[in-house]
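Take a look at the structure set out below.
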Amino acid sequence: MRTKMRLLGFRGAQVKPLNEEAAAELGAELLGEALVFGVGGLCLYLEYLRQAGQSRRREEHLERSLGQLQEGLQRLQEELERLKGRGQGGGHAQGHAQGDAQGGAGLEQGH
């Protein structure tokens, strides 16, 4: 009872001793509340751990995806450079071949 009075803010108050039945009832109530509070706190802690793990897994997945996208971008850039190099080396001859093919088709249509 002294503990309950202290929790309520009554610091210097004198408390009459409780009879055995009232003390047992108050102790059981206090123990029950402590148990409920402990289980609630444990549930909150376990939920926090679950959310933290889920967040960590999501972040790792995003990092892997970003790495894969960067690798893909690098491969595409290398492929683009390779195609540009090939196009510059033989691009002039290809342009004439396409023009001849189009011009030849145009001549036949004119005949």
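In whole Hz, with x marking every Gly and Pro, tabulate ³J(HN,Hα) for the stretch 19-28 from phi via Karplus 6.51 cos²θ - 1.76 cosθ + 1.60, θ = phi - 60°.
Here the 3J(HN,Hα) series is 6, 4, 5, 5, 5, 5, 5, 5, x, 5 Hz.
Apply the Karplus curve 6.51 cos²θ - 1.76 cosθ + 1.60, θ = phi - 60°, to the phi angles in the stretch 52-57 and return the couplings in whole Hz, x for Gly and Pro.
Per residue, the Karplus-derived 3J(HN,Hα) values read 5, x, 5, 5, 5, 5 Hz.
Extension gain residue 63-residue 3, at 0.36 nm per residue separation less the Cα-Cα distance, in nm? Provide the component values of the computation, followed by the final result.
Values: separation 60, 0.36 × 60 = 21.60 nm, distance 5.28 nm.
In short, 16.3 nm is gained.
Per residue, how much accessible area does the stretch 1-59 show when a 1.4 Å probe rolls over the protein heavy atoms, in square angstrom?
Details: 5530 Å² over 59 residues.
Accessible area per residue: 94 Å².
The values are calculated or read from the model by the stated rules, or taken from the named source; none is laboratory data. Only a predicted model underlies this, so the values are computations on that prediction, with no experimental measurement involved. These area figures cover heavy atoms from the full protein model, side chains too; ligands, DNA and RNA do not enter into them. Shrake-Rupley method; radii C 1.70, N 1.55, O 1.52, S 1.80 Å.
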